[in-house]
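The values are calculated or read from the model by the stated rules, or taken from the named source; none is laboratory data. Treat the numbers as computed from the prediction; the structure is a model and nothing was measured. Note that we place each Cβ from the backbone using ideal geometry, even for glycine, and neighbour counts take in every protein chain shown. With ligands, DNA and RNA removed, areas are computed over all heavy atoms of the protein, side chains included. Shrake-Rupley method; radii C 1.70, N 1.55, O 1.52, S 1.80 Å.
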Amino acid sequence: MSEDGTDRREALRLFVLGGIAAAGCALAAPAAFVVAAPARGGASKETWVPTVRLDALEDGVPKKVQVVSERNDAWTKESHVELGSAWLVRRGATVTAFSSICPHLGCAVNAEAGGTFTCPCHTSAFAADGAAVSGPSPRGLDTLTTRIDGGVVVVDFRRFKVGTPDRIALT
Ligand code: FES
């Protein structure tokens, strides 16, 4: 140690800086965890929602159903939240679900006689299998995965990016 206490002052300085750095990390880590929390539950999360009984669907006739579920994120928990809607089309024992959102710019699509679909906003038209037939929609209707659970049609509800030819799930 030097006579003028330089070593002692340097050691004290390093000790104080180390303490400040440790305190900073201790505060920053939980803050980063909290800020990132909503994103962690994000894009790949499945949201299985029961809709209607399979026997309530007429074969080949689209039926629009509201998709109502709980919504949980890092901050809130809500029940009976309308997530959106879907068109269900039964073919025998299987059900195809289409998002009711037009892939062009997001208007709600309608079902037409014969089981086809149209969008009233910019006249996109879709075949019964959801394929784009005419109009500006860059892709066909987006399908949602379904399963039959105890006679009830259950839908994995998602939203998709509009205005792109690729099908990109947002939720
Ligand atoms: S939003 Fe459907 S055609 Fe434009």
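Please verify whether GLY150 is closer than 27 Å to ARG53 by Cβ and not hydrophobic (A, V, I, L, M, F, W, C), treating the condition exactly as stated. Yes: the conditions hold for GLY150. Every condition in (1) open to solvent by 60 Å² or more (accessible area, probe 1.4 Å); (2) under 18 Å from LYS64 (Cβ atoms); (3) modelled with pLDDT under 95 is met by ALA93 except one, and the failing one is (2).
Looking for whichever is within 24 Å of ASP55 (Cα to Cα), among the aromatic types (Phe, Trp, Tyr) and either open to solvent by 50 Å² or more (accessible area, probe 1.4 Å) or more than 16 Å from the ligand (Cβ to nearest atom) (or both) here; the options are PHE98, PHE157. Which one fits? If you could, list the steps in order and put the result at the bottom.
On the way: PHE98 fails: either open to solvent by 50 Å² or more (accessible area, probe 1.4 Å) or more than 16 Å from the ligand (Cβ to nearest atom) (or both).
Result of the check over PHE98, PHE157: PHE157.
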